[in-house]
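Engineer: The following block contains the structure, expressed as structure tokens.
The values are calculated or read from the model by the stated rules, or taken from the named source; none is laboratory data. What you see is a predicted model, and the numbers here were worked out from it, not measured in a lab. Counting neighbours? That spans all protein chains shown, and the Cβs are built from the backbone with ideal geometry, glycine included. Keep in mind that these areas ignore ligands, DNA and RNA; they rest on the heavy atoms of the full protein, side chains included. Shrake-Rupley method; radii C 1.70, N 1.55, O 1.52, S 1.80 Å.
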Amino acid sequence: MPPCLDVYVWVPERNPETLGRFVDDYVDGDGCGDGQRHGRTRYLRARAPHHQAIITSTRDGATVLGLSVDAPDDLPAVLSLAEDLMGRLLRQFSAPAGRAGVELPPAEDRSEWHDDALVLLRIGEPPPPEAGFQRPS
């Protein structure tokens, strides 16, 4: 199995409406019940062309939404795919920040979000916990 490109967006709050839209748009309806749970993260079977839909409830009270797709060996193609998918997720969920990498685990808090070890692409920043939402420029 080829490696996967994982693309995540940081949604500053947890709300059922956002989660519902993510599930409706990206989770395979037949696969909702068979997802795996690892700590604060739920891995669900995604609709094609994605492999997994990932939902993480952070220790900061935010939500990290993610999708995994095949990562071809061509780095420019991987980065282009990540940028397109991230842009779509940022707009769709009014997220202030996104990050992507190959086999990148979801962040469970802001310090993990800022860890650059496996990150290939980063856009925006999560707002501080006490700040209001600010869209990246």
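Engineer: Specify the residue that is modelled with the lowest pLDDT; the eligible residues are those in segment 61-88 that are part of a strand (DSSP E or B) and open to solvent by less than 60 Å² (accessible area, probe 1.4 Å).
Structural biologist: Residue satisfying both the conditions and the ranking: 69.
Engineer: Within segment 4-16, can one find any residue that is at pLDDT 90 or above, more than 17 Å from residue 108 (Cα to Cα), out of contact with any His (no Cβ under 8 Å at 6 or more places or on another chain) and surrounded by 13 or more Cβ atoms within 10 Å (Cβ to Cβ)?
Structural biologist: yes
Engineer: Could I ask something else about it? Considering each residue of segment 89-101, count those that are of a type in the set (Gly, Ala, Ser) and loosely packed, with under 14 Cβ neighbours inside 10 Å, and give that number.
Structural biologist: Going through segment 89-101 one residue at a time, the tally reaches 1.
Engineer: Answer with yes or no whether residue 117 is of a type in the set (Gly, Ala, Ser) and open to solvent by 80 Å² or more (accessible area, probe 1.4 Å). Working first, answer last.
Structural biologist: Values: of a type in the set (Gly, Ala, Ser): yes; open to solvent by 80 Å² or more (accessible area, probe 1.4 Å): yes.
Yes; evaluated as a whole, the condition is true for this residue.
Engineer: What number of residues within segment 95-133 satisfy the criterion of being part of a loop (DSSP other than H, G, I, E, B) and touching a strand residue (DSSP E or B) at 6+ places or on another chain (Cβ under 8 Å)? If you could, list the steps in order and put the result at the bottom.
Structural biologist: Step one: list which residues in segment 95-133 are part of a loop (DSSP other than H, G, I, E, B), which gives 95-96, 103-109, 114-120, 125-133.
Okay, now just the ones that are also touching a strand residue (DSSP E or B) at 6+ places or on another chain (Cβ under 8 Å), so 95-96, 103-108, 116, 118-120, 125-126.
Qualifying residue count for the region: 14.
Engineer: Determine whether residue 58 is over 18 Å from residue 85 (Cα atoms) and open to solvent by less than 30 Å² (accessible area, probe 1.4 Å).
Structural biologist: yes
Engineer: Keeping to segment 20-50, report how many residues are surrounded by fewer than 18 Cβ atoms within 10 Å (Cβ to Cβ) and touching a residue at least 40 places away in the same chain (Cβ under 8 Å).
Structural biologist: Counting residues in segment 20-50 that are surrounded by fewer than 18 Cβ atoms within 10 Å (Cβ to Cβ) and touching a residue at least 40 places away in the same chain (Cβ under 8 Å) gives 4.
Engineer: Sticking with this structure for a sec: Would you check if residue 45 is within 18 Å of residue 11 (Cα to Cα), assigned to a strand (DSSP E or B) and either out of contact with any Leu (no Cβ under 8 Å at 6 or more places or on another chain) or of a type in the set (Lys, Arg) (or both)?
Structural biologist: Spelling it out, it is not the case that residue 45 is within 18 Å of residue 11 (Cα to Cα), assigned to a strand (DSSP E or B) and either out of contact with any Leu (no Cβ under 8 Å at 6 or more places or on another chain) or of a type in the set (Lys, Arg) (or both).
Engineer: Here are the criteria: (1) closer than 29 Å to residue 128 by Cβ; (2) out of contact with any Gly (no Cβ under 7 Å at 6 or more places or on another chain). Tell me which single one residue 42 does not satisfy.
Structural biologist: (2)
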